[in-house]
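Asks: Quick one: structure below, then a few questions.
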Amino acid sequence: MPSSQANLLVESGKPRFFRVDDAADIGFSPPDIRMGEAVRLCVRSLSGMQKEALVASAQTGAVWRLASDEGAYLAGLDEAPCPLAFLTTGMVSSYMNETLALAGIRGLAIDDIRLIQDNYYTMKGSALRGTMVGGARNVDLTAHISSDAPWEDLNGLLLDATAASPLNGLMRGSKESLFTLVHNGREISTDRALPIGRPAQPDPGDHFDAARPAAGAWSELISRGGMTPKAEHSVTLANDSLTDWQNRLLHVRAICTLREDGVKQIEQQLFNPHGSIFHFLSDEAPENGGKGLAPDAASYISAGIGFCFMTQMGRYASIAKKDLKNYRIIQDTHFSLGGASGGTGEAGKADPVETHVYLDTGEDDDFARQALDMSEQTCFLHAFCKADLKTRVSIRDYRDEELPAVAAS
């Protein structure tokens, strides 16, 4: 993509990230709760790899405006975090929620805690031949803890906390995502992508421009840092991710700590492809022990899945040199409450992700179906849902400031 592409995230004049004021007035609301929490995400393409989203949580009642971009590896302008950063952020935030809640239930005193999480993904094959497939690997979680509790109790705490996370429902077993497809204003049948089995939601295009920031300062909600330190497997090639043939590993890290007020501070690092550091804040609703000062874990998780799928849509059209003018989605995710934070006492559960896709193109319906199929097939986070994954846990003393090694997993 040309370097002269419009920078709409800047030109809009809005903060990139904010809580939406009077969300009910813009006609955007979450779906009905099935399992404990329901999150609705609307995403639209802007220019290049830039995207904006509205995400609504049924449990918290909040609607947040988020944005995503890519770095030089995808000819992006690096104005906002990449899609994978959002899921990693939401995931480590959820793990922190469950760890602290379960420690309270078990009477384990934790004086200080720092969670370091590494997510790995793969991309192999040819987009033009239809053989390119995105994949997800097991997750590594290292907990630095200051506590007088026995080590075996802390190890059991971390293992059970990761299982209690609502995201556990998308990691364990295999969840095939479901779709509807609207092409140039007409709903058409899907091909290989599994259908939701009911009509598409109304096109979300009228919600975005009406979203205005609530009162407050939002500059620290998500902020950019410097470049991630290079590791042995870091790759930095402009446009490298836009080539037809891929065989690569992606690696995202998050480091989660707590502010004095309990808000989670998360530093996201992108090792491969080599990219920028972004700093996130995450907070739960008051009924879940937070103050609602920042997006909750489930909202970040849902945003990551939707942003990643949208990136693959634009990426496929670019590689195939097809006329994809605009594209949007509505995505619904349904989770249980946390096993510890929500008091269920059970492992986290989730339904398959449901996505309504809206494409405006100069191409025929066959291209629209192919674009959907290839986007689902190459999306790292739909692959994450389809894979049977586990989180591998290790514990260190909080005073040990050495970070885990970043060699390829």
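Every number here is computed from the coordinates shown, using simple stated rules; none is lab data. Computed from a prediction, not measured in an experiment: that's the story for all the values here. Because the Cβ atoms are built from the backbone with ideal geometry, glycine has one as well, and the counts that use them run over all protein chains shown.
Asks: Putting +1 on Lys and Arg Cβ atoms and -1 on Asp and Glu Cβ atoms, find which of Ser299, Ala149, Val133 reaches farthest to the positive end of the dipole of the chain.
Replies: Highest projection toward the positive end goes to Val133.
Asks: Hey, what do the phi angles of segment 106-121 turn into as Karplus ³J(HN,Hα) couplings, whole Hz, using 6.51/-1.76/1.60 and θ = phi - 60°, x for Gly and Pro?
Replies: Working through the residues one at a time gives 8, x, 9, 7, 10, 7, 9, 8, 9, 9, 10, 10, 10, 10, 10, 9 Hz.
Asks: Mean separation of Cα pairs under 8 Å and 6+ residues apart, divided by the residue count of the chain: what relative contact order is that in percent?
Replies: 28
Asks: Defining a contact as two alpha carbons under 8 Å apart and six or more residues distant in sequence, what relative contact order in percent does segment 327-375 show?
Replies: In percent, rounded to a whole number, it is 38.
Asks: Counting only helical runs of four or more DSSP H residues, what would the 222 nm mean residue ellipticity of the chain come to if each run contributes -39,500 (n - 2.57) and the total is spread over all its residues?
Replies: It lands at -7000 deg cm²/dmol.
Asks: Is there a pair in Lys51/Lys321; Lys175/Lys291; Lys124/Lys325 whose C-alpha atoms are over 29 Å apart, and which pairs would that be?
Replies: Over 29 Å apart, Cα to Cα: Lys175/Lys291.
Asks: Would you mind counting up the charge near Pro213? Only other residues with Cβ under 10 Å from its Cβ, with Lys and Arg at +1 and Asp and Glu at -1.
Replies: In short, +3.
Asks: Cα axis of helix 297-320 to longest principal axis of the chain: angle in degrees, 0 to 90, nearest 10?
Replies: 30
Asks: Order by neighbour count: Phe18, Phe335, Phe380, fewest other Cβ atoms within 10 Å first, most last.
Replies: Ranked by crowding around the Cβ, least crowded first: Phe18, Phe380, Phe335.
Asks: Counting alpha carbon pairs within less than 8 Å and at least 6 residues apart, what relative contact order, in whole percent, applies to segment 103-142?
Replies: 39 percent.
Asks: Right, another one. Could you give the size of the charge dipole of the chain about its Cα centre, using +1 on the Cβ of each K and R and -1 on the Cβ of each D and E, expressed in debye and rounded to the nearest 20?
Replies: It comes to approximately 740 debye.
Asks: Mind checking the angle between helix 151-164 and the chain's longest principal axis? C-alpha axes, 0 to 90 degrees, to the nearest 10.
Replies: 30
Asks: Find out how many positive minus negative residues lie around Asp323, taking Lys and Arg as positive, Asp and Glu as negative, among other residues whose Cβ is under 11 Å from that of Asp323.
Replies: 0
Asks: Can you tally the net charge around Ser189? Count Lys and Arg as +1, Asp and Glu as -1, for every other residue whose Cβ sits under 10 Å from the Cβ of Ser189.
Replies: Net charge in that neighbourhood comes out at -2.
Asks: Give me the Debye-computed log₁₀ of I(q)/I(0) at q = 0.15, 0.23, 0.24, 0.29 Å⁻¹ for segment 152-217, equal point scatterers on Cα only, no solvent, two decimals.
Replies: Values returned for q = 0.15, 0.23, 0.24, 0.29 Å⁻¹ are -0.80, -0.98, -1.02, -1.20.
Asks: Sorting Trp151, Trp64, Trp245 on the 10 Å Cβ count, fewest up front, what's the list?
Replies: Listed from fewest to most nearby Cβ atoms, that is Trp151, Trp245, Trp64.
Asks: On to the next question. If you find the alpha carbon centre of segment 266-317 and of segment 1-73, how far apart are they in angstrom?
Replies: 11
Asks: In whole Hz, with x marking every Gly and Pro, tabulate ³J(HN,Hα) for segment 95-104 from phi via Karplus 6.51 cos²θ - 1.76 cosθ + 1.60, θ = phi - 60°.
Replies: 5, 5, 3, 6, 4, 5, 5, 5, 4, x
Asks: Additional query: Using the Kirkwood formula on the Cα atoms of segment 94-204, what hydrodynamic radius do you get, in angstrom to one decimal?
Replies: About 17.9 Å, per the Kirkwood formula over Cα pairs.
Asks: Right, next: Within 10 Å, count the other beta carbons around each residue, average over each peptide in 265-272, 121-128, 399-406, and list them highest first.
Replies: Per-residue mean Cβ counts within 10 Å order the peptides as 265-272, 121-128, 399-406.
Asks: Amide H neighbours of Arg212 under 5 Å, counting only residues 5+ apart in sequence or on other chains, H built in-plane at 1.01 Å?
Replies: Residues meeting the criterion, in which the H sits 1.01 Å from N, are Asp21.
Asks: Give me Rg/Rg_expected for segment 197-325, where Rg uses Cα atoms only and Rg_expected = 2.2 N^0.38 Å with N residues.
Replies: Ratio of Rg to 2.2 N^0.38 Å for segment 197-325: 1.31.
Asks: If you don't mind, there's one more thing I want to ask. When Lys349, Lys51 are ordered from fewest to most other Cβ atoms inside 10 Å of their Cβ, what list results?
Replies: Going from sparsest to densest Cβ surroundings: Lys349, Lys51.
Asks: Oh, and also: Tell me which residues come under 5 Å, amide H to amide H, from Asp296 once H is placed; ignore anything under 5 positions away on its chain.
Replies: So Asp296 has HN proximity to Asp283.
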